[in-house]
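Trainee: Below is one structure. I have some questions about it.
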Amino acid sequence: MLDNEFIPHNPLLQQAHFLINISEELFYGGAAGGGKSDALLMAALQYVEEKFIPEDQDKMTYDALILRRTLDDLEMPNAILDRAKQWLLPFEDSGDVYYKDLKKKFTFSSGATLTFRYLAHNNDLDKYQGAELQYVGFDEVTQFPENQYLYLHSRLRQTEDNVFPIRMRCASNPGGRGHEWVKKRFVKNDSPYPFIPSNLWDNIHLDHDKYTARLSKMDALTKQRLLNGDWDLAMTSGLLIDRNRLEQNLRPITENCLPVFSTIGIDPAGEGQDRFAMSNLTFFTNQKLMLTDLASTVKGQHANGVLRNFILRNQRFNPVVINFEKEPGSDSDRALDYWKQILGDIIPENNIINTAASTTGNKYMRAQPHALAVHENRLFFNQDLMNQTAGDYIPLNSLFNQYVYVNPSRDEMKKYSSPDELDSLGYAFIAMEDLLKGQTTMTVGTRIGGA
Ligand SMILES: Nc1ncnc2c1ncn2[C@@H]1O[C@H](COP(=O)(O)OP(=O)(O)OP(=O)(O)O)[C@@H](O)[C@H]1O
Ligand SMILES: [Mg+2]
């Protein structure tokens, strides 16, 4: 590696760990600026020199591919393609490298190639149908859905006369739409594939003051993720409420106060989305509120069964209202009719309502009233929910994260997954406040399900 003339940088310690690891799959993840993209590029160039041409051949088969999610990502100054150009274009004059810009492909005199592409849509995968690659690198892999990663993995080929290890390499900061699958595959203790943590302070070539100053302009959560590369609960302090404050209100459901009634809030999954979140918010005889149950569907799970089961298992709290989010347009009315039909036997039809997501307020403003209720010790969370999972995540944990990252800026919100659990609690809360203020005609205390 140190003698490879195409690689102008000497690896840092963590980069060296990344480069000498021979596992088929490997992830370099964590803090921003740790040298991840550099390492991906170094790894791609690890075997492109002529010295690797087998004795009985005049050229070698080593094809490497590096992916970014969009064309813009790929073409950004000092992003990975730009860096490859800085490193490799000086070798064009000597004929050691030939670069074709249209294909974003570098061909080396050894016969090896390195191509850069973006993969914005699943349709883009078709281009790789017949491809046979020895190295695939995903930069900012949490921007990709898992299926794209797995598909490209299936394009790795080790032919008989090929001496090179086949390698799937990826790098990323925490966060982004693929945060959960990447964490599960590489970062957790029981993850099947290895992971090299990236640390900002490893990178002695970085102007740390400048870098941290730039990060300091970001919101608390993103800042912590980028600075510390934290894959777990990097979300500690938010604009609305801190993680600590939420945890203080975790309580068991005690026998000494009784449930009076509850409201159920639903954030239905939109087109193409997989999460359908539901909250059961209970009013107790001590005049306090508790989120007694929280659930969400996982990919491929039909909401009907899950919601029915949710309502039935919460009968002991006496749910009297179920409040669905109302989206603009008439589809929402049709959806409500549908749910009335589906659930009419377990909750009175009139008590199935829908509240429009206010068009003026944003998600941040809508979460304010119940965050305030937490601050005022009127709203608590059933601590048993911390053990309740949906697929590989814990909905209550997602809810707490959402409380912390919810932000009035739309651009900020785009960085995170949609706060479905928070919204569902919001709808339960609105229905509850209406009931408590007596602003509703609904019959409180109606026993449902024939109980
Ligand atoms: N071994 C090295 N020798 C010299 N410079 C390096 C080395 N590794 C990284 N750098 C430089 O440090 C800077 C940050 O590295 P890089 O962009 O690879 O980090 P990153 O972890 O991918 O960051 P981000 O999270 O922002 O994508 C770049 O300018 C890069 O060229
Ligand atoms: Mg990078």
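Trainee: Out of residues 5 or more away from Ser198 or on other chains, whose amide H comes under 5 Å of its own, with H placed 1.01 Å from N in the peptide plane?
Mentor: Gly29, Gly30, Ala31
Trainee: Straight-line reach from Lys100: which lysines have a Cα under 22 Å away, not including same-chain ones fewer than 8 places off?
Mentor: Lys100 reaches Lys59, Lys85, Lys127.
Trainee: Report the charge-dipole magnitude of segment 281-425 in Debye, nearest 20, computed about the Cα centre from +1 at each Lys and Arg Cβ and -1 at each Asp and Glu Cβ. Don't jump to the answer; show the numbers that get you there.
Mentor: Values: 14 positive and 16 negative charges, 36 e Å.
Using Cβ point charges on Lys, Arg, Asp and Glu, segment 281-425 gives about 180 debye.
Trainee: Further question on the same structure: Could you tell me what fraction of 2.2 N^0.38 Å the Cα radius of gyration of segment 13-228 comes to, as a two-decimal ratio? Numbers along the way, then the final one.
Mentor: Values: Rg = 17.3 Å, N = 216, 2.2 N^0.38 = 17.0 Å.
Working it through for segment 13-228, the quotient is 1.02.
Trainee: With point charges of +1 on the Cβ of Lys and Arg and -1 on the Cβ of Asp and Glu, referenced to the Cα centre of the chain, which listed residue (Leu289, Pro54, Gly300) lies farthest in the positive direction of the dipole?
Mentor: Working it through, the farthest residue towards the positive pole turns out to be Leu289.
Trainee: Mind checking which lysines have their Cα closer than 17 Å to the Cα of Lys210? Skip sequence neighbours fewer than 8 apart in that chain.
Mentor: Cross-link targets: Lys223.
Trainee: Please report, for the Cα atoms of segment 243-436, the Rg to one decimal and the Dmax as a whole number; what are they, in angstrom?
Mentor: Here Rg and the maximum Cα pair distance are 15.6, 46 Å.
Trainee: If you line up the Cα atoms of segment 68-158 on their principal axes, what length do they span on each, largest first, in Å?
Mentor: Per principal axis, max minus min of the Cα coordinates gives 40, 32, 18 Å.
Trainee: With +1 on each Lys and Arg Cβ and -1 on each Asp and Glu Cβ, and nothing else charged, work out how big the dipole of segment 149-211 is about its Cα centre, in Debye to the nearest 20.
Mentor: Numbers: 10 positive and 7 negative charges, 67 e Å.
Result for segment 149-211 is approximately 320 debye, rounded to the nearest 20.
Trainee: Follow-up. Just add up the charged neighbours of His208: K/R +1, D/E -1, any other residue whose Cβ is under 12 Å from the Cβ of His208.
Mentor: Computed value for this residue: -1.
Trainee: Efficiency by 1/(1 + (r/R0)^6): what FRET value for Asn350 and Ala120, r their Cβ-Cβ distance, R0 = 51 Å, to the nearest 0.05?
Mentor: That gives a FRET efficiency of 0.65.
Trainee: Looking at Asn387, Val321, Gly438, which one has the Cα that reaches farthest to the positive end of the dipole of the chain (charges on Cβ: Lys, Arg +1; Asp, Glu -1)?
Mentor: The residue sitting farthest along the positive end of the dipole is Gly438.
Trainee: What does the net charge come to around Arg117 if you take all other residues with beta carbon closer than 10 Å to its beta carbon, with K and R at +1 and D and E at -1?
Mentor: Result for the local shell: +4.
Trainee: Still on this structure: Placing +1 at every Lys and Arg Cβ and -1 at every Asp and Glu Cβ, with all other atoms neutral, what dipole size does segment 13-228 have around its Cα centre, in debye to the nearest 20?
Mentor: Result for segment 13-228 is approximately 900 debye, rounded to the nearest 20.
Trainee: Give a residue-ordered list of calculated ³J(HN,Hα) values for segment 92-105 (Karplus: 6.51 cos²θ - 1.76 cosθ + 1.60, θ = phi - 60°; whole Hz; x for Gly, Pro).
Mentor: Whole-Hz 3J(HN,Hα) from phi for segment 92-105: 5, 4, 7, x, 6, 9, 10, 10, 10, 5, 4, 9, 6, 10.
Trainee: Could you compute how fast the chain diffuses translationally, taking Rh as the Kirkwood radius over C-alpha pairs and applying Stokes-Einstein at 25 °C with viscosity 0.890 mPa s? Give it in µm² per second.
Mentor: Numbers: Rh = 24.7 Å.
The diffusion coefficient I find is 99 µm²/s.
Trainee: For the chain, what is the mean residue ellipticity at 222 nm derived from helices alone (per DSSP H run of n ≥ 4: -39500 (n - 2.57); sum divided by total residues; nearest 500 deg cm²/dmol)?
Mentor: -8500 deg cm²/dmol
Trainee: Taking the alpha-carbon distance from Lys183 and a cut-off under 16 Å, which aspartates and glutamates remain once sequence neighbours fewer than 8 residues away in the same chain are dropped?
Mentor: Correct list for Lys183: Glu25, Asp139, Glu140, Glu146, Asp230, Asp232, Asp392.
No value in this document is a laboratory result; all are computed from the given coordinates. Since the model is a prediction, treat every value here as computed from it, not as a measurement. Using ideal geometry, Cβ is built from the backbone for each residue, glycine included, and neighbour counts are taken over all protein chains shown.
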